[in-house]
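Enquirer: Structure provided below as structure tokens; questions to follow.
The values are calculated or read from the model by the stated rules, or taken from the named source; none is laboratory data. Here the structure is a predicted model, which means the values were calculated and not measured. Here the Cβ positions follow ideal geometry from the backbone for every residue, glycine too, while neighbour counts run over all protein chains shown. When the accessible area is computed, the model is the full protein with side chains, heavy atoms only, and any ligands, DNA or RNA have been set aside. Shrake-Rupley method; radii C 1.70, N 1.55, O 1.52, S 1.80 Å.
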Amino acid sequence: MRAGGVLRRALALSPNDPDALVGAGTLALARHDFAAGLRYGDAARRAAPQLVRPLGVIVDAQVELGRYREATRTLNRMVDLKPNLASYARVSYFRELHGDLGGALEAMRYAVSAGGGTPENVAYVQTLLGNLELALGHRAAARFAYGQALAGLPRYVPATVGLARVEAAERNYGPAIRRLRTAVGRLPLPEYVVALGETELAAGRTAAARRDLALVGAEERLLQANGVNTDVDLALFEANHGDPARGVALARRAWAAAPSVRSADALGWALTRAGNPAAGLRWAKRSLRLGSADPAFLYHAGMAARATGRTALSQRWLRRALARNPRFSPLYAPRAWAALR
């Protein structure tokens, strides 16, 4: 909130200040107000066409708004102008969205090699590298990347969560739960609390999981009170652990604001969990239209197809979900295996 006030004052004094516009765009993206982020990014580009930083804001907004062709052009221009950590990391994410995990890994290694000048930037890209390695089922490589991030920034929470996910994939639930609890104590983001609760469910610690998952709604409300749009994340949470009908309403609102593959996945899964798998399957197909290899997307699509009696289609998607990382989730990977059996 404080940052927003400072930026508003800066823009009131100098409406065409590119630094203030980029800052306002970055803040809007952090709050998941992607339309505002795009407006600020475009304004910063008009104010300073020679700067590269506005392109990062623009491409992030375009991706989250589902404008993938425009994002391709913006990203290509950004890489041409300045091939550095920021541009390579975005290339990596864009390739990942399109199911090219090998290409995403290659681009992220370039980002690591480019360096960032600060421990936070280095830890950030090392953690993203670890996430890609883990998505490919390379647990040792993922552990190494997270360890490198923590060597430079010992309390970096995303890397701590990454190590916990490696431990959970290896069924070392006790260490994973302790590490996740430490991470949540430092940065109680809903996604980390959900990871903790789902790992506890996988470990059979049902009572502890219920207590922890009960905190998610309060945290989401706190984020919303601070201007952060959490519709997609909350829709998935409601679909999995709460009220799927509310999840459908939240996911529809998310799609209306930002029609991306992420919001399509959330809406498809919420519909499936709410007892309408035929509609859920239609939305699941939209979530996969870029060729995503995200195991969560594929799991949701596979279970929707299974619920509609599309057995062959279900098996194809579930096998793809498990192909690269047979333990992509301590809770949902076993359910995918059970559905295949």
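Enquirer: Based on Cβ point charges of +1 for Lys and Arg and -1 for Asp and Glu, what charge dipole magnitude is obtained for the stretch 257-341 about its Cα centre, in debye rounded to the nearest 20?
Expert: Approximately 220 debye in magnitude.
Enquirer: Could you give the size of the charge dipole of the chain about its Cα centre, using +1 on the Cβ of each K and R and -1 on the Cβ of each D and E, expressed in debye and rounded to the nearest 20?
Expert: Dipole about the Cα centre, nearest 20: 680 debye.
Enquirer: Also, I was wondering about something else. Taking 0.36 nm per intervening residue step and subtracting the Cα-Cα distance, what contour gain separates ARG73 from GLU106 on full extension?
Expert: Values: separation 33, 0.36 × 33 = 11.88 nm, distance 2.02 nm.
The ARG73-GLU106 span can extend by a further 9.9 nm.
Enquirer: If you don't mind, there's one more thing I want to ask. How much of ARG90 can a 1.4 Å solvent probe reach, expressed as accessible area in Å² and rounded to 10?
Expert: 60
Enquirer: Determine the calculated [θ] at 222 nm for the chain from helices alone, applying -39500 (n - 2.57) to every DSSP H run no shorter than 4 residues and normalising by the residue count; nearest 500 deg cm²/dmol. Before the final figure, lay out each step's value.
Expert: Details: 20 runs with 267 residues, N = 341.
Helix contribution divided over all residues of the chain: -25000 deg cm²/dmol.
Enquirer: Of the options THR230, VAL79, ALA149, report the single residue whose Cα projects farthest towards the positive end of the charge dipole of the chain (beta-carbon charges: Lys, Arg +1; Asp, Glu -1).
Expert: THR230
Enquirer: How do ASP60, ASP233 rank by accessible surface area computed with a 1.4 Å probe, from largest to smallest?
Expert: Largest to smallest exposure gives the sequence ASP233, ASP60.
Enquirer: Still on this structure, please answer the following. Tell me the accessible surface of THR308 in square angstrom (1.4 angstrom probe, heavy atoms of protein chains only), to the nearest ten.
Expert: Only protein atoms counted, so the area is about 50 Å².
Enquirer: Over all distinct Cα pairs, what is the inverse of the mean 1/r for the stretch 131-206, reported as the Kirkwood hydrodynamic radius in Å?
Expert: Taking the inverse mean of 1/r over all distinct Cα pairs, the stretch 131-206 comes out at 12.2 Å.
Enquirer: To continue, here is another question. When only alpha-carbon atoms are used, what values of Rg and Dmax, in angstrom, describe the chain?
Expert: 20.0, 64
Enquirer: Could you grab the relative contact order for the stretch 257-341? Cα pairs under 8 Å, six or more apart, rounded to a whole percent.
Expert: Numbers: 107 pairs, mean separation 19.1, N = 85.
Reported relative contact order: 22 percent.
Enquirer: Got a sec? What order do LEU271, LEU236 fall in by accessible area at 1.4 Å, biggest, i.e. largest, first?
Expert: LEU236, LEU271
Enquirer: So, one more: If contacts are Cα pairs under 8 angstrom and at least 6 residues apart, what is the relative contact order of the stretch 179-219 in percent? Kindly include the intermediate steps, with their values, before the conclusion.
Expert: Details: 31 pairs, mean separation 15.9, N = 41.
It rounds to 39 percent for the stretch 179-219.
Enquirer: From a point 7 Å beyond the Cα of TRP337 in the direction of its Cβ, which residues of the stretch 182-220 have a backbone N at a distance under 20 Å?
Expert: Residues 198-206 qualify, since their backbone N sits under 20 Å from the label point.
Enquirer: Can you compute the modelled spin-label distance between THR182 and ASN16, with each label point 7 Å from Cα toward Cβ, in nm?
Expert: About 5.2 nm, to one decimal.
Enquirer: Rolling a 1.4 angstrom probe over the protein chains, ignoring ligands and nucleic acids, what is the accessible area of LEU97 in square angstrom, nearest 10?
Expert: Approximately 20 Å² for this residue.
Enquirer: Residues of the stretch 16-47 with the amide nitrogen closer than 17 Å to a label point 7 Å from the Cα of LYS82, along Cα-to-Cβ, please.
Expert: Hits in the stretch 16-47 for LYS82 at 17 Å: 17-27, 41-47.
Enquirer: Any idea how far the Cα center of the stretch 288-303 sits from the one of the stretch 189-227, in Å?
Expert: The distance from the Cα centre of the stretch 288-303 to that of the stretch 189-227 comes to 24 Å.
Enquirer: Okay, moving on. Please tell me the relative contact order of the chain in percent, rounded to the nearest whole number, where contacts are Cα pairs under 8 Å and at least six residues apart.
Expert: 12
Enquirer: In the stretch 175-234, what percent of the accessible surface is made up of carbon and sulfur (1.4 Å probe, ligands and nucleic acids excluded)?
Expert: 55
Enquirer: Please get the size of the charge dipole for the stretch 58-125, origin at its Cα centre, with Cβ charges of +1 on Lys and Arg and -1 on Asp and Glu, quoted in debye to the nearest 20.
Expert: Charge dipole, the stretch 58-125, about its Cα centre: 200 debye, nearest 20.
Enquirer: Plugging the Kirkwood radius over Cα pairs into Stokes-Einstein for the stretch 41-174, at a temperature of 25 °C and a viscosity of 0.890 mPa s, what D comes out in µm²/s?
Expert: On the way: Rh = 15.5 Å.
For the chosen part, D equals 158 µm²/s.
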